[in-house]
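The values are calculated or read from the model by the stated rules, or taken from the named source; none is laboratory data. Given the structure is predicted, the values throughout are model-derived calculations rather than measurements. As a convention, Cβ positions derive from the backbone with ideal geometry for all residues, glycine included, and neighbour counts pool all protein chains shown. Only protein heavy atoms, including side chains, enter the accessible area calculation; ligands, DNA and RNA are left aside. Shrake-Rupley method; radii C 1.70, N 1.55, O 1.52, S 1.80 Å.
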Amino acid sequence: MKPLLRICLIILLSKGVMAQAPSGYNYDESKVPSFQLRSPLVTKDGREVTDRAAWNSQRQTLLKEFEATVYGAVPEQADIQLSGVEVEESLVWNGKAVRDLTELTYTYKDRELRLNLLSYRPVGEGPFPVFLGMNFSGNQTTTTDPAVPLSRNWVMKNPEIGMPTNVATEASRGGRSMRWPLELMVERGYAVCTLCYGDVDPDFDDGFENGLHGLVRSKEFGSIAAWAWGLREVRGYLQQLPWTDRVAVFGHSRLGKAALWAGASDPEFSLVISNNSGCGGAALSKRQVGETLKAINDRFPHWFVEAFHTYNERELELPLDQHLLMACVAPRLLYVTSASEDLWADPKGEQLATEFARPAFELLGGRVGYHMRPGRHNMLEFDWKRILDFADAHWR
Ligand code: GTR
């Protein structure tokens, strides 16, 4: 190989490795510290949980702990009203699907927040189980469908798909469609609904001024809790529609963290799916493999509450870990995915956390699914096919 070519290849390869595994962090299993995990079926004062009633109270306690230590909570007194719904319904894909473009307006005092939903479903009365998940860069990135409006709110920039700033562009249309096999989902009898996470809370550290924080003027919750609030609200809206009777929540990466928190805390989600959600999602924090608390809190200070930051470089002192969050999905359905090269998200830590959550499902019912896709951080048709198989077998 010519020297110049070889240098280019090395640069490309090391860039790839960097993205999967930034240096200066531990990826070596032999260096994982020893640590203790609480059982989801033992209360803080040491009593065993052996029935549904005891679990209900244990689950509430665990959720309060996650609110206080990790995500925060949208204040209960914030009486946010769904004050407007506009729906434009069309027959699409040569008559094979119905597309809804929906705008939900939420009002609090004299302030408003608008969420723009895109959904596709099979034709007919249903009911069609619906997969609800957020996207990063606008609904228009999920499909080449020219009728889907460009997001008008803050979106994640992504030069790779023709979006160099946080403003949606026409060039980005369909740029993320490989993560959204919409036709496959509809063919298999499901509906799918998405919205951009920036509609609920723009993803940058602005001192909790904009999005849901600005609506309710509260700084008591991080952006992950804000996105989870959005997912719960949209779930409530979907569930009263005539064409569906059940809603699954899913998300990739930081949106997988939001999906887990939404799904663990809202028992109306009957299936909860975390894809490559890593630190603060499905991975065990105490392992400190890949992304650490300090790394995540330094880069994304707005995702979690202040209490979580106090455990930077003190993971072993955390009073909880993420398997307890996943246990809170019991007795419903939980599906977790990892990717073998997604080292920053600690795939092994995600798998272990799923296993440590399992006793709650064994006692209470529900079911846990898991797969490790060979490859990198992403959510692909490979993942969806397995999720749909799990849904066919246990959710319908
Ligand atoms: C990374 C972050 C991860 C993950 C990911 C994503 O930069 O460190 O925790 O959330 O972003 O959401 O794409």
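Tabulated data for the structure shown
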read-out: Carbon + sulfur, % of accessible area of the chain - ligands and nucleic acids excluded, 1.4 Å; value: 53 percent
read-out: Residue-wise HN-Hα coupling along the stretch 31-43, computed from phi with Karplus coefficients 6.51, -1.76, 1.60 (Hz; x: Gly, Pro); value: 9, 6, x, 7, 8, 10, 10, 6, 7, x, 9, 10, 6
read-out: Paramagnetic reach from residue 381 (point 7 Å along Cα→Cβ, amide N under 16 Å) across the stretch 154-185; value: 175-185
read-out: Spacing of the two label points (7 Å from each Cα toward its C-beta) at residue 35 and residue 111, in nm; value: 3.5 nm
read-out: Net charge, residue 208 excluded, C-beta distance under 12 Å - Lys, Arg +1, Asp, Glu -1; value: -4
read-out: Span-like helix ranges in the chain, DSSP H, alpha carbon extent 15 angstrom or more, Kyte mean at least 0.0; value: 3-20, 223-239, 254-265
read-out: Reachable lysines, given that their alpha-carbon falls under 20 Å from the alpha-carbon of residue 109 and they are not under 8 places away in the same chain; value: 219
read-out: Surface accessible to a 1.4 Å probe, residue 285 within the full protein complex, Å²; value: 10 Å²
read-out: Cleavage-rule hits, GluC sites (Glu not before Pro), the stretch 61-101, DSSP coil, Cβ neighbours within 10 Å at most 13; value: 76
read-out: Probe 1.4 Å - accessible area at residue 83, Å² to nearest ten; value: 70 Å²
read-out: Surface accessible to a 1.4 Å probe, residue 34 within the full protein complex, Å²; value: 110 Å²
read-out: Accessible surface, 1.4 Å probe, highest first, among residues 109, 294; value: 109, 294
read-out: Residue-averaged [θ]222 nm for the chain, counting only DSSP H segments that reach four residues, each worth -39500 (n - 2.57); value: -9500 deg cm²/dmol
read-out: Cleavage-rule hits, chymotrypsin sites (Phe, Trp or Tyr not before Pro), the stretch 191-223, DSSP coil, Cβ neighbours within 10 Å at most 16; value: 204
read-out: Listed residues 299, 246, 235, most fluctuating in the chain (Gaussian network, C-alpha, under 10 Å); value: 299
read-out: Inter-part distance where the stretch 378-396 and the stretch 275-327 are each reduced to a Cα centre, Å; value: 27 Å
read-out: Cross-link table 31/348; 31/286; 64/286; 64/294, entries beyond 18 Å C-alpha to C-alpha; value: 64/286; 64/294
read-out: ³J(HN,Hα) computed for each position of the stretch 45-51 - Karplus, 6.51 cos²θ - 1.76 cosθ + 1.60, integer Hz, glycine/proline x; value: 9, x, 8, 7, 8, 10, 9
read-out: Cα-based shape type of the chain, given that a ≥ b ≥ c are square roots of the gyration tensor eigenvalues and the cut on a/c is 1.5; value: rounded
read-out: Per residue solvent-accessible surface (Å²) - the chain, probe of 1.4 Å; value: 42 Å²
read-out: Contour excess over end-to-end distance, with Cα ends at residue 310 and residue 219 and 0.36 nm allotted per residue; value: 31.1 nm
read-out: Cα gyration tensor, the stretch 116-272 - rounded (a/c under 1.5), prolate or oblate; value: oblate
read-out: The chain, relative contact order [Cα under 8 Å, separation at least 6], %; value: 17 percent
